[in-house]
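K.L.:
Pasting in a structure now, in structure tokens, and then I'll have a few things to ask.
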Amino acid sequence: MNPKNEEDERYMRRCLQLAANGLCHTAPNPMVGAVLVCDGRIIGEGYHVRCGQAHAEVNAIRSVKDPALLTRATLYVSLEPCAHYGKTPPCADLIVEKGIPRIVVGCQDPFARVAGRGIQKLRDAGREVVTGVLEDECRALIRRFLTFHNCHRPYITLKWAESADGYLDLNRTAGAPVRLSNDLTAMLVHKKRAEHSAILVGTRTALLDNPSLTVRHWYGPSPVRVVIDRRGVLPATLRLFDGQAPTLVVTEEDCQPRPGVEYFRADFRMPLLPQLLDELHRRNLQSLLVEGGGATLRTFIEAGLWDEAFVEESPVRLGDGVPAPTIDRKKICRIEQHFGRLIRHYWEKKNPF
Ligand SMILES: [Zn+2]
């Protein structure tokens with residue numbers, strides 16, 4: 001690899017690190033990081049902190065102490081600069097205005113209003129633009145955003161904990177669920193919740209486990225809670241209806257209005273998932289965490305509608321109970337050890353990114 005490429009990759013890695021700081025707050029915008037380099041030194045850095053606030057390029061430019069250096073600097077940015085007026089003016093215009101001569105871009109923006117236009121605008125202004133540096137890593141970082149725009153559905157993550165002998169829970173009709181996570185892995189679950197725009201459970205899980213599905217053991221916003229309740233049987237006393245986070249009920253019944261609760265009327269004689277995913281897309285919810293139960297998880301697996309899965313293996317043996325879903329072991333991408341627990345991470349390889 002020539003020294004220039006090596007240098008470009010090094011600074012692009014820094015962009016990726018910076019971008020990841022926006023994980024829980026940028027949706028429906030993508031995470032983006034930017035670095036400004038002059039004479040082999042970083043003179044400015046920035047990332048997109050929160051949807052509605054300044055873009056990464058703007059934050060990086062603002063952080064530079066001596067703006068005169070910009071006319072000799074290279075701007076590294078993990079995603080193509082925007083070329084349209086959104087909540088903020090176009091970054092491509094700002095880069096031109098500041099006289100930055102060289103721009104290195106990680107990946108192109110799939111968003112129809114940008115798609116190549118940011119890069120073209122910079123080239124039309126006579127700037128040197130290098131594209132596709134660490135492109136795979138840059139695309140993987142914004143996989144939720146890319147899936148949403150390319151597949152017109154939220155990015156779907158499945159998550160469950162299973163016993164050493166492959167059960168989700170005992171067969172029960174009342175009482176608390178068997179605890180398969182420990183305190184520390186429960187925190188990881190709450191972190192996952194904070195990283196997603198929506199979270200889903202089926203009717204049985206809502207009734208039996210009475211989960212709140214909010215983020216409490218991590219910091220970050222709670223996702224929109226989605227629950228399937230075909231016959232409208234869920235009582236108003238459930239935590240899902242406590243108003244702590246917005247709740248969307250998927251049903252075929254006419255339901256009583258409840259504060260903080262919205263209803264989506266679906267046709268249950270037709271396949272439910274396409275209708276549900278269309279609705280979440282319409283609501284601009286970019287990612288969905290499916291937390292159970294077994295039947296709901298299986299529906300997603302059988303339809304091939306998932307992108308990632310996290311399965312926590314508990315050392316507890318139940319002997320009998322509700323069988324855990326299974327995913328083709330060939331799809332395991334890695335096995336991690338967190339806080340004394342094995343976590344299998346599956347990856348649906350036909351992903352578009
Ligand atoms: Zn921008």
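K.L.:
Can you tell me which residues in the range 106-118 are away from the ligand (no atom under 12 Å from the Cβ) and in contact with an Asp or Glu (Cβ under 8 Å, 6 or more places away or on another chain)?
P.N.:
GLY106, CYS107, GLN108, ALA115, GLY116
K.L.:
Ok, one more. If we scan the range 162-169, do we find a residue that is assigned to a loop (DSSP other than H, G, I, E, B) and within 14 Å of the ligand (Cβ to nearest atom)?
P.N.:
Scanning the range 162-169 turns up no residue that is assigned to a loop (DSSP other than H, G, I, E, B) and within 14 Å of the ligand (Cβ to nearest atom).
K.L.:
So, ALA236, is that one surrounded by 15 or more Cβ atoms within 10 Å (Cβ to Cβ) and over 25 Å from ALA303 (Cβ atoms) or not? It would help to see each step written out before you state the result.
P.N.:
Working: surrounded by 15 or more Cβ atoms within 10 Å (Cβ to Cβ): no; over 25 Å from ALA303 (Cβ atoms): yes.
Considered against the rule, which asks whether it is surrounded by 15 or more Cβ atoms within 10 Å (Cβ to Cβ) and over 25 Å from ALA303 (Cβ atoms), ALA236 comes out as no.
K.L.:
For residues in the range 112-131 being modelled with pLDDT under 95 and loosely packed, with under 14 Cβ neighbours inside 10 Å, which is nearest to GLU97 (Cα to Cα)?
P.N.:
Top of the filtered list is GLY116.
K.L.:
Looking only at the range 175-188, which residues are hydrophobic (A, V, I, L, M, F, W, C), part of a helix (DSSP H, G or I) and in contact (Cβ under 8 Å) with a residue 40 or more places away in the chain?
P.N.:
Across the range 175-188, the qualifying residues are LEU184, LEU188.
K.L.:
Given the criterion under 29 Å from the mean Cα position of the chain (by Cα) and among the acidic types (Asp, Glu), identify the matching residue among GLU45, GLU128.
P.N.:
The match here is GLU45.
K.L.:
Just a yes or no: is a residue in the range 101-108 at pLDDT 95 or above, under 17 Å from the mean Cα position of the chain (by Cα) and within 22 Å of ALA20 (Cβ to Cβ)?
P.N.:
There is no residue in the range 101-108 that is at pLDDT 95 or above, under 17 Å from the mean Cα position of the chain (by Cα) and within 22 Å of ALA20 (Cβ to Cβ).
K.L.:
Please find, within the range 296-353, the residue that is nearest to the chain's Cα centre (by Cα) out of those that are of a type in the set (D, E, K, R) and in a loop (DSSP other than H, G, I, E, B).
P.N.:
That would be ASP307.
K.L.:
A further question follows. May I ask you to list the residues in the range 210-233 that are under 28 Å from ARG269 (Cα atoms) and either surrounded by fewer than 18 Cβ atoms within 10 Å (Cβ to Cβ) or without any contact (Cβ under 8 Å) to a residue 60 or more places away in the chain (or both)?
P.N.:
Those that are under 28 Å from ARG269 (Cα atoms) and either surrounded by fewer than 18 Cβ atoms within 10 Å (Cβ to Cβ) or without any contact (Cβ under 8 Å) to a residue 60 or more places away in the chain (or both): ASN210, ARG225, VAL227, ASP229, ARG230, ARG231, GLY232, VAL233.
K.L.:
Kindly state which strands (runs of 3 or more DSSP E) lie completely within the range 1-101 and contain at least 1 residues that are in contact (Cβ under 8 Å) with a residue 60 or more places away in the chain and within 16 Å of the ligand (Cβ to nearest atom). Don't jump to the end; show me each part of the working.
P.N.:
On the way: elements: 33-38, 41-47, 74-79.
The qualifying strands (runs of 3 or more DSSP E) are 33-38, 74-79.
K.L.:
Filter the range 102-140 for residues that are among the charged types (D, E, K, R) and assigned to a helix (DSSP H, G or I) and give the result.
P.N.:
Within the range 102-140, ARG117, LYS121, ARG123, ASP124, GLU135, ASP136, GLU137, ARG139 qualify.
The values are calculated or read from the model by the stated rules, or taken from the named source; none is laboratory data. None of the values given here were measured: they were computed from a predicted structure. When we count neighbours, we look across all protein chains shown, and the Cβ atoms used for this are built from the backbone with ideal geometry, even at glycine.
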